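Colleague: Pasting in a structure now, in structure tokens, and then I'll have a few things to ask.
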Amino acid sequence: MKIPRFAVLTVATLALASVAACAPADDSDDTKDDTAAASCKTADLSVVTPGKLTIATDDPAYEPWFSDNTPSNGKGFEGAVAAEIADELGFDAADVVWVKVPFNTSYQPGKKNFDFDINQISITAERQKAVDFSTPYYEAAQAIITLKDSDYADASSLADFKDAKLGAQIGTTSLKAIKDQIKPAEKALVYDDTTKAAAALQNKQVDGIVADLPTAFYLTAAEIDGSVIAGQFQFSAGEPEKFGLLLAKGSKLTPCVNQAIASLEKDGTLADLAQEWLAESASAPVLK
């Protein structure tokens, strides 16, 4: 293990940062912190395995969030964010352990075999009943993917999809967006993972699939031949969808990962990583 980067701050600065990280979120915040005082020294961190930081994500781990389905290589946006957070918390790469946890089981109640899960998990009030979330590390729009020769490829609004057959991965806000925002006449089709949803579109079993925008760019570029992003839209009444680290309910580690994220946001690391791995996402047309 190593000394956390924020440990080299002056005593006064560290005290202020610690108070800010452990303070209760206001009503406008999407996360809920443990308000109890917490030491964020590496040796004092409450982790599932002493001396190790255990991080979870799904398998496969998709581009552009990870690279080569190898979360431990520190590549892809979330792979790099996880590596930076581990560094902030004082863990060398050799002390980081990755475990596989399916997306739709990660936010279920109960004991966790990881310290935090990073897997494009949107912060929602319903999920917060069972788990903790960190402060957001990324805000994402949703996108609808169709085939280039589809009647829906030139859609300009969500209303244009009212007669479309749409699908998305189980347990995702993409699936919720179909039901609550797009509201097609036909019931949404549900898939175990994004790969199966993509195959359904490729085989023309659906007219379109919904995914977060960066994933949509990867799918159209590398996975679904002849596909296109019909457009992007904001999830839930115009509010950006926010991704957070998922932790066990009441985790004593939550204030410390919040402090780490705040440090990475302040020094520009999160913005730099988003630019490196997710920059193309801004180019998709907006569906009204």
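Colleague: Would you say LYS100 is of a type in the set (D, E, K, R), out of contact with any strand residue (DSSP E or B) (no Cβ under 6 Å at 6 or more places or on another chain) and open to solvent by 60 Å² or more (accessible area, probe 1.4 Å)?
Modeller: In short, yes.
Colleague: Now for a different question. Pick out the one residue from ILE123, ILE85, ILE145, ILE178 that is among the hydrophobic types (A, V, I, L, M, F, W, C) and modelled with pLDDT under 95.
Modeller: None of the others qualify; the one that does is ILE123.
Colleague: Which of the residues that make up the range 166-180 are buried (at least 18 other Cβ atoms within 10 Å of the Cβ) and over 19 Å from the mean Cα position of the chain (by Cα)?
Modeller: Result: LEU166, GLY167.
Colleague: Conditions: (1) in contact with a Cys (Cβ under 9 Å, 6 or more places away or on another chain); (2) crowded, with 19+ Cβ neighbours inside 10 Å; (3) at pLDDT below 90. GLY90 meets all but one. Number of the miss?
Modeller: If we test GLY90 against (1) in contact with a Cys (Cβ under 9 Å, 6 or more places away or on another chain); (2) crowded, with 19+ Cβ neighbours inside 10 Å; (3) at pLDDT below 90, just (3) comes out false.
Colleague: Further question on the same structure: For the range 103-112, what are the residues that are open to solvent by 10 Å² or more (accessible area, probe 1.4 Å) and of a type in the set (Ser, Thr, Tyr)?
Modeller: THR105, TYR107
Colleague: Can you tell me which residue among ASP95, ASP115 is closer than 25 Å to ALA262 by Cβ, in contact with a Leu (Cβ under 8 Å, 6 or more places away or on another chain) and surrounded by fewer than 21 Cβ atoms within 10 Å (Cβ to Cβ)?
Modeller: Selected residue: ASP95, the only one of ASP95, ASP115 that is closer than 25 Å to ALA262 by Cβ, in contact with a Leu (Cβ under 8 Å, 6 or more places away or on another chain) and surrounded by fewer than 21 Cβ atoms within 10 Å (Cβ to Cβ).
Colleague: Let me ask something additional. Tell me yes or no: at least one residue of the range 33-42 is out of contact with any Ser or Thr (no Cβ under 8 Å at 6 or more places or on another chain) and modelled with pLDDT of 95 or more.
Modeller: yes
Colleague: Quick check, is GLU126 closer than 21 Å to LEU273 by Cβ, out of contact with any Gly (no Cβ under 8 Å at 6 or more places or on another chain) and surrounded by fewer than 16 Cβ atoms within 10 Å (Cβ to Cβ)? If you could, list the steps in order and put the result at the bottom.
Modeller: On the way: closer than 21 Å to LEU273 by Cβ: no; out of contact with any Gly (no Cβ under 8 Å at 6 or more places or on another chain): yes; surrounded by fewer than 16 Cβ atoms within 10 Å (Cβ to Cβ): yes.
Answer is no for this residue.
Colleague: Also, quick follow-up: Could you tell me which of the residues SER134, SER156 is open to solvent by 30 Å² or more (accessible area, probe 1.4 Å) and touching a residue at least 40 places away in the same chain (Cβ under 8 Å)?
Modeller: Result: SER156 is the single residue among SER134, SER156 that is open to solvent by 30 Å² or more (accessible area, probe 1.4 Å) and touching a residue at least 40 places away in the same chain (Cβ under 8 Å).
Colleague: Tell me which residues, restricted to the range 69-92, are hydrophobic (A, V, I, L, M, F, W, C) and in contact with a Gly (Cβ under 6 Å, 6 or more places away or on another chain). Outline the logic, then answer.
Modeller: Taking the range 69-92 first, the residues hydrophobic (A, V, I, L, M, F, W, C) are 77, 80-83, 85-86, 89, 91.
Within the range 69-92, ALA80, ALA83 meet the criteria.
Colleague: With the condition kept exactly as written, say whether any residue in the range 253-261 is surrounded by fewer than 22 Cβ atoms within 10 Å (Cβ to Cβ) and either touching a residue at least 24 places away in the same chain (Cβ under 8 Å) or touching a Gly at 6+ places or on another chain (Cβ under 6 Å) (or both).
Modeller: No, the range 253-261 contains no residue that is surrounded by fewer than 22 Cβ atoms within 10 Å (Cβ to Cβ) and either touching a residue at least 24 places away in the same chain (Cβ under 8 Å) or touching a Gly at 6+ places or on another chain (Cβ under 6 Å) (or both).
The values are calculated or read from the model by the stated rules, or taken from the named source; none is laboratory data. In this text the structure is predicted, and so the values were computed from the model without any measurement. Cβ: placed from backbone, ideal geometry, glycine included. Neighbour counts: every protein chain shown. These accessible areas exclude ligands, DNA and RNA; they are computed on the full protein's heavy atoms, side chains included. Shrake-Rupley method; radii C 1.70, N 1.55, O 1.52, S 1.80 Å.
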